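Okay, so here's the structure we're looking at.
Every number in this text was worked out from the coordinates using simple rules, so none of it is lab data. Small disclaimer: the values here were computed from a predicted structure and weren't measured. Positions of Cβ are backbone-derived with ideal geometry, glycine not excepted, and every protein chain shown enters the neighbour counts.
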Amino acid sequence: MSDFVRVCDVAEVPDPGKTLVDVDGEMVALFHVDGAWHAIDDVCTHDGGPLADGELRNHTISCPRHGARFDIRTGAALTMPAIRPTRSHDVKAEGGGVWVRLRAAAGVGGPTSGAVPAAPVAATPASSPADAGAPSVAAVTPATDLPLCEDSIREILKEVKDPELFVNIVDLGLIYGVTIGPSADEPGKQHVAVDMTMTSPACPAGPQLIADTKRAVGRRPDVAAVEVRIVMDPPWTPDRMTEAARDQLGIF
Ligand code: FES
């Protein structure tokens, strides 16, 4: 474990207040709230957002990029789209200065490695043991009995789940639109275009969600081809989730 490093004067950070400090070359968000000091990595575990730039409210900091909130005392992820804790560090105020000691990375034995990732993860296990490690498309028959329309496509897309959150992409609010038209290549069949967004531009689950969407919709015998168009404007925000998704993720 590293030693404490003096990062600033006590007087430099008001209460409540925050600042960004450099500790042995690592950028750390430092907080002063209710007379106590806290420090966490300046890295949102969703997609690397700069937490020190976020809004501080009591003991939570909101990521300025997509709104995930973290507990500044533990680094725990409190809301989507972040589901993993960010690392927290030891802090002390001494001799007029503030000192930070870096902890080990979360998950490798550091004090924060036991922090529970946001309630959502435990609350939303795979729907059956067979789901564990399985592709995110459930092995069920597509809604082929329904007439081909946007609603029936959305029903099918509920089979496609975010591999980290285990919530389907419709309830997550990732589907912006569905367009259906005659196929130019296969007369009598339809071309389906799905406008989909991601929770962030660099969403690591993106390729899988696109592939699973094509596979799920493509099961319909009346669909000739499925096109997935990624739309980042307007950007996804947590308020696009349905009540069902919020319940599933434990967000109130
Ligand atoms: S990068 Fe922080 S919520 Fe997306």
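Brief remarks on what is shown
- Cut-off 15 Å between beta-carbons: net charge of the residues surrounding Asp185, Lys and Arg +1, Asp and Glu -1: -2
- Label-to-label distance, nm, for residues given as Glu26 and Asp3 (7 Å Cα→Cβ offset): 1.8 nm
- For the range 1-110, radius of gyration divided by Kirkwood radius, i.e. Rg to Rh on alpha-carbons: 0.94
- Using 0.36 nm per residue and subtracting the Cα-Cα separation, the extra length available between Thr19 and Arg154 on full extension is 44.2 nm.
- Spin-label model, Thr242 to Asp185: label points 7 Å out along the Cα-to-beta-carbon direction sit 3.1 nm apart.
- Taken along the Cα-to-beta-carbon direction at a fixed 7 Å, the label points for Ala36 and Asp145 span 5.6 nm.
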